[in-house]
1. State yes or no: is Ser188 out of contact with any Ser or Thr (no Cβ under 8 Å at 6 or more places or on another chain) and assigned by TED's automatic domain parsing to the domain that holds Ala102?
2. From Ser188, Ser204, which residue is assigned to a strand (DSSP E or B) and either without any contact (Cβ under 8 Å) to a residue 40 or more places away in the chain or touching a Lys or Arg at 6+ places or on another chain (Cβ under 9 Å) (or both)?
3. Can you tell me which residue within the stretch 105-145, out of those that are of a type in the set (Lys, Arg) and either closer than 17 Å to Leu186 by Cβ or crowded, with 16+ Cβ neighbours inside 10 Å (or both), is nearest to the chain's Cα centre (by Cα)?
4. When you go through (1) under 20 Å from Asp101 (Cβ atoms); (2) surrounded by fewer than 14 Cβ atoms within 10 Å (Cβ to Cβ) one by one for Phe151, which number turns out not to apply?
5. Restricting attention to the stretch 136-144, does a residue exist that is acidic (Asp, Glu) and farther than 22 Å from Arg34 by Cβ?
6. Would a scan of the stretch 159-170 turn up a residue that is closer than 22 Å to Val78 by Cα, touching an Asp or Glu at 6+ places or on another chain (Cβ under 7 Å) and either outside the structural domain of Ser26 (by TED's automatic domain parsing) or surrounded by fewer than 18 Cβ atoms within 10 Å (Cβ to Cβ) (or both)?
Amino acid sequence: MICTRQSQIPEISIGYVQAQERERESIALEIHDRIIQPLTGVFHELETLEMLDHPDTCEMIRRIRANVKFTIQETRDVINGIYPSTLAKYHLISLITNELDALNGHEGFECHLKIQCNTANLCQTSEITLYRVFHEAIFNIKRHARATIIFVSLCRIGSSIRMLIEDNGNGFNIEKALQNPRPSGLKSMKHRIEMVGGTFLVRSNENGTAIEALVPIQ
């Protein structure tokens, strides 16, 4: 028994380090795509502005201000994705409810939440893991799925909590997404759930996507 435990420690450590590296790579990609590129566009427009003496200058300034405002919001979203300020204050159900309430009716989304369990006894690691998966799934839906309806449910199955996230978007190729060498939200979600000893399932077709995550309560 002691030997088994010792042999597992290096595997856990390696998995943890690899997860950290993947997370850092994912964050770097997000910062590049959502912050560096827009700021580069602002920089080039400012360069052009310096060479102009034309009535169109005012219109260009308005575009620059809009770009800067958009980039600031994107930066806040990235920071919130890394560590939401509410994560340390509220429990899982409150976090999910607040995020869906904020999204409901905006950007054409109709959100539904069904709670069939009590998550008060859910260990902190599993609670944080479920929230991270939820947050990533919602981000992917907003960015890629072209969905209009989001359905989230939480229920207890034996000694686990199951979270189901469904949308009516255009779906994607699961195998292709997992085989892509670049970091992705899908691989990050799968790894997070497996790290806590849970189960991660995905179904996707042209009618939408369903993400199912089961994590141990304790």
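The values are calculated or read from the model by the stated rules, or taken from the named source; none is laboratory data. Here the structure is a predicted model, which is why all the values come from computation and not from measurement. Cβ: placed from backbone, ideal geometry, glycine included. Neighbour counts: every protein chain shown.
1. Values: out of contact with any Ser or Thr (no Cβ under 8 Å at 6 or more places or on another chain): no; assigned by TED's automatic domain parsing to the domain that holds Ala102: yes.
The answer is no for Ser188.
2. Working: Ser188 fails: assigned to a strand (DSSP E or B).
Just a single option satisfies the conditions, and that option is Ser204.
3. We begin by selecting, within the stretch 105-145, every residue of a type in the set (Lys, Arg); these are 114, 132, 142-143.
Filter once more, so that each one left must be either closer than 17 Å to Leu186 by Cβ or crowded, with 16+ Cβ neighbours inside 10 Å (or both): 132, 142-143.
Values: Arg132: 6, Lys142: 10, Arg143: 10 Å.
Here the residue is Arg132.
4. (2)
5. We begin by selecting, within the stretch 136-144, every residue acidic (Asp, Glu); these are 136.
Keeping just the survivors that are farther than 22 Å from Arg34 by Cβ gives none.
Scanning the stretch 136-144, I find no residue that is acidic (Asp, Glu) and farther than 22 Å from Arg34 by Cβ, so the answer is no.
6. Going residue by residue through the stretch 159-170, those that are closer than 22 Å to Val78 by Cα are 165.
Then drop every residue that is not touching an Asp or Glu at 6+ places or on another chain (Cβ under 7 Å), which leaves none.
Taking every residue of the stretch 159-170 in turn, none turns out to be closer than 22 Å to Val78 by Cα, touching an Asp or Glu at 6+ places or on another chain (Cβ under 7 Å) and either outside the structural domain of Ser26 (by TED's automatic domain parsing) or surrounded by fewer than 18 Cβ atoms within 10 Å (Cβ to Cβ) (or both).
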